[in-house]
1. Does chain A classify as rounded, prolate or oblate by the C-alpha gyration tensor (a ≥ b ≥ c root eigenvalues; a/c under 1.5 gives rounded; else a/b over b/c gives prolate, otherwise oblate)?
2. Where does the charge balance sit around B:Ile292 when Lys and Arg score +1, Asp and Glu -1, over other residues with C-beta under 13 Å from its C-beta?
3. Check A:Arg218: other-chain or 5+ apart residues with amide H under 5 Å from its amide H, H built from backbone geometry?
4. Using the Karplus curve 6.51 cos²θ - 1.76 cosθ + 1.60 with θ = phi - 60°, work out ³J(HN,Hα) for each residue of the stretch B:162-173 in order, rounded to whole Hz, and write x for Gly and Pro.
5. Is chain B rounded, prolate or oblate when judged by the Cα gyration tensor, a ≥ b ≥ c being the square roots of its eigenvalues, rounded requiring a/c under 1.5 and prolate requiring a/b larger than b/c?
6. Rounded to the nearest 0.05, what FRET efficiency do B:Arg81 and A:Glu43 have when you use their Cβ-Cβ distance and R0 = 51 Å?
7. Could you tell me the distance between the Cα centroids of the stretch A:1-29 and the stretch B:294-360, to the nearest Å?
8. Taking Cα pairs under 8 Å and at least six residues apart, what relative contact order does the stretch B:199-353 come out at, in percent?
Amino acid sequence: MESRIDLTHGSGGRAMARLIEEIFLTAFDNDMLRQRNDQACFEVPPGRLAMTTDGYVISPVFFPGGDIGCLAVNGTINDIAMSGAKPLYLSAGFIIEEGFPIDDLRRIVHSMAGSASAAGVAIVTGDTKVVEKGKGDGIFVTTTGIGVVPEGVCISGDLAQAGDKILVSGTIGDHGTAVMVRRNNLSFGATFLSDTAPLHDLVRRMLDASPRGLHCMRDPTRGGLATTLNEFAAQSHIGMLIMETEIPMKVEVKSACEFLGLDPLYVANEGKLIAICDPAAAPLILDAMRSHPLGKDAAIIGEVQEDPNHFVQMVTAFGGRRIVQWLTGEQLPRIC
Amino acid sequence: MKYIEEFRDGKLARIMARKISAAVALREYRFMEFCGGHTHAIFRYGIQDLLPANVQMIHGPGCPVCVLPISRVDLAIVLARMPGVILCTYGDMMRVPGSQGASLLKARAAGADVRMVYSTLEAIRIAQENPSNDVVFFAIGFETTTPPTAVAIKKALESNINNFSIFCNHVLTPPAIKAILNAPEETVRIDGFVGPAHVSAVIGTRPYEEFAHEYNRPVVIAGFEPLDIMQAILLLVHQVNESRAEVENEYTRAVAREGNLKAQALMAEVFELRPSFEWRGLGAIPSSALRIKPEYDHYDAETRFTLPSIPVADEGACQCGSVLRGIIKPVDCPLFGTVCTPENPVGSCMVSSEGACAAYYLYGRFRNISHQS
């Protein structure tokens with residue numbers, strides 16, 4: 001096979017068929033894909049279905065701790081899992097720029113296959129397009145996911161109530177910092193790894209601990225912790241008070257953000273979740289999180305309060321108080 | 001984070017807060033932090049919460065984006081729209097509104113080649129990569145960012161780069177402080193100044209001595225970390241209590257009395273004083289800004305291009321001028337938080353992260369609400 005993608009790989013002809021056969025089918029191999037139809041057909045399990053879609057445009061495509069492939073699988077699994085659903089199937093769409101190295105594509109596809117199989121989710125349908133050189137930037141991946149919500153589970157961003165506890169599953173800012181450090185070729189004498197990970201198993205454990213105690217859940221990707229908290233506040237018409245000293249953060253991430261002029265509260269995460277829980281259930285849920293490898297650093301960082309202005313406020317480590325505002329403008333372009 | 005966390009320590013902050021509370025007498029203390037970097041830190045760390053109610057911080061004009069009058073923004077837009085020109089600028093300037101809602105960001109959307117850079121040398125590189133274009137660097141800032149602009153001019157000269165010039169808007173700190181002190185007494189009473197950190201690393205502490213000796217106002221140069229600011233406030237309280245007016249240096253880890261002589265020499269080599277320069281809010285201040293010396297005028301965009309003369313006129317309802325003079329707080333402006341927000345700024349103080357309005361909006365709005373209710 002050639003070493004680079006050219007326009008024939010997206011033309012619908014023989015070159016495209018070969019690319020699909022040799023790269024996508026081999027890696028994603030499953031019964032539905034093997035039927036080679038333009039769609040996947042499957043039985044619908046009982047219960048409510050959850051569906052989501054996400055485009056991945058991250059630059060660089062390979063970064064410490066991951067690549068655009070595993071990110072595209074984990075990110076969509078997480079968006080499904082944040083409803084409490086068990087993710088079942090994914091689709092994958094690729095927009096590839098002419099000239100993209102086929103070895104890189106193979107590496108990305110293998111990474112997707114590895115993540116999907118580790119998470120027990122099948123990639124059952126897909127699409128490939130090639131655009132002329134200069135009309136894309138290497139590769140963009142879009143994944144769509146579908147999952148089923150267990151009976152009795154009702155999680156939504158508009159369900160936070162005054163008195164609820166705010167939990168975060170681990171250290172924040174790891175992904176965005178890893179990408180920025182790589183992008184700027186910085187070396188701080190420390191290793192920065194993206195935290196990209198599928199969170200559905202952690203969510204399952206939290207639901208086992210308290211099926212009805214979880215009110216809101218979201219993974220703080222673009223815009224980070226601050227943005228997700230503001231989204232909940234606006235959706236639920238409440239305010240929040242968080243404690244800066246309780247927010248888990250790696251010291252090297254803190255240092256790198258300081259150097260790069262970033263506020264870690266706004267830096268993207270790809271393997272963390274924020275949960276708003278009933279105060280009585282919070283300790284149980286926290287214990288469940290800490291018993292899972294992806295939640296070992298989980299912490300309660302604050303609580304929901306009545307506030308007609310829907311402000312997210314923070315008691316600073318310094319001892320003062322301030323607002324944690326919505327992100328204005330773009331802090332970090334193309335982080336996921 | 002070693003050597004940074006120590007200056008943000010909550011325990012030390014509480015000790016310092018107790019010291020300030022114990023030191024204050026039964027009177028009002030009104031201190032101006034000149035620099036927008038301090039304003040930002042005060043809000044970001046919630047320093048006002050740690051101060052007694054009778055210690056008030058007044059936010060000064062030390063935000064280079066904020067003090068630039070609309071006419072200079074308009075001129076930058078004129079430059080950006082000229083055929084063949086690539087205008088390079090620091091990010092904040094992109095969104096500053098000029099006349100009739102124009103901005104560099106909008107000019108770019110309409111086809112002008114405006115590029116955001118992080119340093120003057122990046123602009124030089126763009127000039128080297130685009131030999132058939134005229135690259136103009138929109139230089140703004142106080143004494144901190146002036147030496148890098150001088151370096152860029154020298155570098156362009158040495159490397160024989162002829163398609164590069166500077167639209168110079170560098171301004172000076174001491175004349176602005178003097179203008180505030182010379183303003184009519186009823187506008188604003190200031191008992192002392194928290195002096196800027198990075199500016200003073202360049203100019204030293206000596207230029208502030210005039211304010212202590214002739215205007216009888218204490219000045220404490222402070223670093224940008226929250227404990228630096230608390231310490232400076234404590235020193236100012238002591239000076240006021242003891243009726244002293246001296247220049248004290250809290251930021252000894254970076255600032256010396258004479259400043260950075262090499263940087264000063266570089267500035268003197270390339271720049272000269274403008275007889276007068278218009279500041280937003282403060283009006284025309286004599287000898288308050290720099291222009292490029294005639295021997296370097298090949299690199300001066302104002303001589304290289306024919307620029308129209310644009311009259312100075314600030315927007316009607318926008319109160320940035322009064323905010324910059326410390327006469328009103330951002331919340332007292334009728335546009336604050338309604339018409340004027342960081343997403344849709346009407347005035348420059350809402351654009352820059354060093355602007356008092358942006359700092360209030362981003363970090364401190366809950367205070368205003370609780371005051372109103």
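Rule-based calculations on the coordinates, nothing more; no lab input. No experiment lies behind these values; they were computed from the predicted model shown. Cβ placement follows ideal geometry from the backbone for every residue including glycine, while neighbour counts extend to all protein chains displayed.
1. Judged from the Cα gyration tensor, chain A comes out oblate (a/c at least 1.5, b/c at or above a/b).
2. Its environment carries a net charge of -1.
3. It is A:Ile274, by chain and number.
4. In residue order, the calculated couplings are 9, 9, 10, 8, 10, 9, 8, 10, 6, 10, 10, 6 Hz.
5. Prolate is the answer for chain B, as a/c is 1.5 or above and a/b outweighs b/c.
6. Efficiency computed from Cβ-Cβ geometry: 0.25.
7. 55 Å
8. Computed value for the stretch B:199-353: 17 percent relative contact order.
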